[in-house]
Amino acid sequence: MYRWLKALPILVLWAGSAAAADLTPPAPEPPAPEVFDSRWSVAGGAYLWAASLDGRVGAGSVGPGDVHASFGDIFKNLDMAFMAAGEVRYDRFGVFADLVYTRVSADGTDPGSGIYLKATNSVVVGTLLGEARVFEQGKTSADVMAGARLWSVSAKLTGTPPGGPSQSVSGDEVWVDPMVGVKGQLQGNSPWYVMGWAMIGGFGVSADLDWDVMGGVGYRVTDHISLLAGYRALGVDYSHGNFTYDVVEHGPVVSAVLRF
């Protein structure tokens, strides 16, 4: 009996430990792996660019001569247009793409020679740039970019000198320009934000000069939808043989942007 009483405290301690072990909550299960890596992001959308065109164009024996066309002139003679831009990002790095396709007609008189020129142009401008984020704080960011821009210009020019017969010449040119640039966005706690980019290229590789600037004000309707309005100007100075395409396009831009 005495030995049993001496063992009683040990039995009580053992039973308490066993009970405590039964009451210990099970270890939490590891979280399920994410199907979507949050470091990925996609943004883009189509846009309307109400651009005017000014410059000098020439092909073959016609021109070069001055051409000026307001957006109203271009819209009146517009055959087809498509414009879209977007980017895919992973963490600090991404790819930016922009595509502009227009088929328009414009005319004008060269003040030097008095030649009346009518130009019908089909133009494709495709831009593909790699980008790296160099600054980020909240929703404010800055990126540096480098890549290339493809131009495809198909032009038909009809020239009528004073008192002379008309001549028509067609020309097609495709070239690629190296491009570098910066892109940024400034946003605080408000849904309003400011964004823009500046690019420059050509450097005599194909075009002597190729540039593109854009600035705008946006409003985040939801986490996935934004509305944007701004102004864009784009220019190129290219000549090869008897082909000259030295133009600037500029005008307001409106867009709806989707983000995922």
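The values are calculated or read from the model by the stated rules, or taken from the named source; none is laboratory data. In this text, all values refer to a predicted model and were calculated from it rather than measured experimentally. Cβ atoms come from the backbone with ideal geometry, glycine included; neighbour counts cover every protein chain shown.
A quick yes/no check of all residues on (1) touching a residue at least 40 places away in the same chain (Cβ under 8 Å); (2) closer than 21 Å to G147 by Cα:
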position: M199; (1), (2): yes, yes
position: A229; (1), (2): no, no
position: P252; (1), (2): yes, no
position: L258; (1), (2): yes, no
Conditions (1) out of contact with any Gly (no Cβ under 7 Å at 6 or more places or on another chain); (2) at negative phi; (3) touching a residue at least 24 places away in the same chain (Cβ under 8 Å); number of the one not met by N189:
(3)
Quick one: in region 47-87, of everything that is charged (D, E, K, R) and closer than 21 Å to D172 by Cα, which residue is modelled with the lowest pLDDT?
D79
Could you please tell me which pairs satisfy a Cβ distance under 8 Å, a separation of 6+ or placement on different chains, a first residue in region 46-75 that is closer than 19 Å to P165 by Cα and among the hydroxyl-bearing types (S, T, Y), and a second residue that is modelled with pLDDT under 90 and in a strand (DSSP E or B)?
S61/Q167; S61/V169
Subset of region 129-141 [surrounded by fewer than 17 Cβ atoms within 10 Å (Cβ to Cβ) and touching an Asp or Glu at 6+ places or on another chain (Cβ under 8 Å)]:
A132, R133, V134
Given the criterion assigned to a strand (DSSP E or B) and surrounded by fewer than 20 Cβ atoms within 10 Å (Cβ to Cβ), identify the matching residue among G204, G188, G230.
G230
Given the criteria part of a strand (DSSP E or B), hydrophobic (A, V, I, L, M, F, W, C) and modelled with pLDDT under 95, does A119 qualify?
yes
Condition set surrounded by fewer than 15 Cβ atoms within 10 Å (Cβ to Cβ) and within 17 Å of G241 (Cα to Cα), scope region 155-175, selection modelled with the highest pLDDT: answer is V174
Which numbered condition G72 fails, given (1) among the small types (G, A, S); (2) part of a helix (DSSP H, G or I); (3) in contact with a Gly (Cβ under 7 Å, 6 or more places away or on another chain)
(3)
Checking the condition modelled with pLDDT of 90 or more and farther than 26 Å from G235 by Cα, which residue from Y101, Y90 passes?
Y90
Filter result (buried (at least 19 other Cβ atoms within 10 Å of the Cβ) and either charged (D, E, K, R) or part of a loop (DSSP other than H, G, I, E, B) (or both)) within region 88-111:
D98
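Per-residue answers, yes or no, for (1) touching a helix residue (DSSP H, G or I) at 6+ places or on another chain (Cβ under 9 Å); (2) on the phi < 0 side of the Ramachandran plot; (3) free of Cβ contacts under 8 Å to residues at least 40 places away in the same chain:
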{"site": "V88", "(1), (2), (3)": "no, yes, no"}
{"site": "V95", "(1), (2), (3)": "no, yes, yes"}
{"site": "D98", "(1), (2), (3)": "no, yes, yes"}
{"site": "S105", "(1), (2), (3)": "yes, yes, yes"}
{"site": "D110", "(1), (2), (3)": "no, yes, no"}
{"site": "T120", "(1), (2), (3)": "no, yes, yes"}
{"site": "A132", "(1), (2), (3)": "no, yes, no"}
{"site": "V153", "(1), (2), (3)": "no, yes, no"}
{"site": "T158", "(1), (2), (3)": "no, yes, no"}
Can we say P165 is more than 22 Å from V254 (Cα to Cα), touching a residue at least 12 places away in the same chain (Cβ under 8 Å) and not hydroxyl-bearing (S, T, Y)?
no
